[in-house]
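Only one structure is covered here, and it is reproduced in the block below.
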Amino acid sequence: MVSDARLARIRARSEQQGARAVLLAAGDDVMYALGGYTPMADERVCFLVVGARGAAMVVPGVNAHEAHELLDGGPVTVYDFQDADGGGDALEQALRTASGTGTGGRLLVSDAARHDHVRTIRHILAPDGIGLASHVMRPLRMVKDAEEVDRLQVASDAADETFARGVEAIRRGVSERELHDAMLDSFRQLGSDGLSFQGVAFGPNTAAPHHHPDETPVTDGALWFDIGCRKNGYCSDLTRPAYVGRPDAEFLTVHQIVLDARLAGAEAARAGHPAQAVDRAARAVIERAGYGQYFVHRTGHGIGVSVHEPPFMMEGDDTVLEPGMAFSIEPGIYLPGRFGVRIEDIAIVTDGPARILSRLAREPVIID
């Protein structure tokens, strides 16, 4: 069910920006605005238009049946068009429904909108100016309400379960790709809408933070799973290391440093602190231990309907944390040619200590 309250918040912020309407391209902005539904994005014009008088959805005919089925009878009017006609007339009708007039005014358009679609907006709607819809959507999407937090928890629980199933699938001789596929099957069985992110790395590959799983066979050595799904429109993201065989002393030392960094990051994830404070706290632990040069990425990223969204836990992001903000805390140490360790959890800012969504232990998983 589309939330009138959510559309009202978009409308109010759009008006604060002096805009006649906001045009959200098919994708995560629409997923957020409509509470879990977006038409498929392709080369055809497709926008949700929200203005002072209402909201309207422009969809190509190929997606019209689904849009009408899900949106008719609610606060969003659907205008569909056939490929041969183009989306111009539907865009003008939608803007008229949303704002009272079919042309002119200042319009805010999704940052990720296709360039040719923005040209169509300029040609058909003749706006006085075009701005970025992120000025409206970013502050709304960053602060999750209780329902959104519940959805993030459900997606996190699916990642926890899939990690456990992935561990069960580890055996000497299995390939990274086979482990990847086993966890993909798990997410499907758990009713996820698809992957948000999934990586598997073994041995020296664990020193590459975004290694893509390949045919590398598992023997004795370090391993990590970086996994997540989208469920009910919201994403999860979880990283845990493991070790096949008897771990050496440095692996255990590095694991403890990374865990201490993750805990320090969570302690800094408090309302009123800037986002960069989380990065500074985690990074300081790793630097004091002498591994600073091997921590090669930011400490975290926001998460919601997108697996990566603002705010970002990195130097220079001074976004003030508020209750309801959700983001990863994922420090890591990567020793080229040897191994890497990353521990990632999703944190929710509260009025006190951060709430960590994953229920998994953080000790290294040892596979005999």
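Quick notes on this structure:
- For region 4-141, the fraction of C-alpha pairs farther apart than 21 angstrom is 30 percent.
- Label corresponding to volume of the Cα convex hull per residue in Å³ when calculated from the structure given, among [x] 139; [y] 158; [z] 149: [x]
- Within the chain, antiparallel bridges make up roughly 75 percent of the DSSP beta bridges whose residues both belong there.
- Where a label projected 7 Å from the Cα of R53 along Cα→Cβ would reach, residues of region 79-95 with amide N under 13 Å: 92-95
- Residues V320 and D368, FRET efficiency given R0 of 45 Å [Cβ-Cβ distance, rounded to 0.05]: 0.45
- Using a Förster distance of 35 Å, the FRET efficiency for R106-D351 (Cβ separation, nearest 0.05): 0.40
- Diffusion coefficient, µm² s⁻¹, Stokes-Einstein with Kirkwood Rh over alpha-carbon pairs of region 1-71 at 4 °C and 1.567 mPa s: 105
- Note on the chain: with a GNM built from Cα contacts shorter than 10 Å, the maximum mean-square fluctuation among H211, H65, H301 falls on H65.
- Region 129-188 and region 38-117: distance between their alpha carbon centers, rounded to Å: 29
- Calculated FRET efficiency, A12 to T216, Cβ-Cβ distance, R0 = 51 Å: about 0.50 to the nearest 0.05.
- Top of N63, N205, N232 by mean-square fluctuation, Gaussian network on the chain, Cα under 10 Å: N63
- Report summary: the helix-based calculation at 222 nm, which adds -39500 (n - 2.57) for every DSSP H run with n ≥ 4 and divides by the residues of the chain, gives -11500 deg cm²/dmol.
- Between region 194-214 and region 268-302, the alpha-carbon center distance in angstrom: 22
- Relative contact order of the chain, taken over Cα pairs closer than 8 Å and 6 or more residues apart, is 14 percent.
- Highest-MSF residue in the chain out of P247, P310, P39 [GNM, Cα springs under 10 Å]: P247
- log₁₀ of I(q)/I(0) at q = 0.10, 0.23 Å⁻¹ - region 130-246, Debye sum with one point per alpha carbon: -0.36, -1.18
Taken together, the values in this text are just the output of simple stated rules run on the coordinates, not laboratory data. These numbers come from a predicted model, not from an experiment. We place every Cβ from the backbone using ideal geometry, glycine too, and count neighbours over all the protein chains shown.
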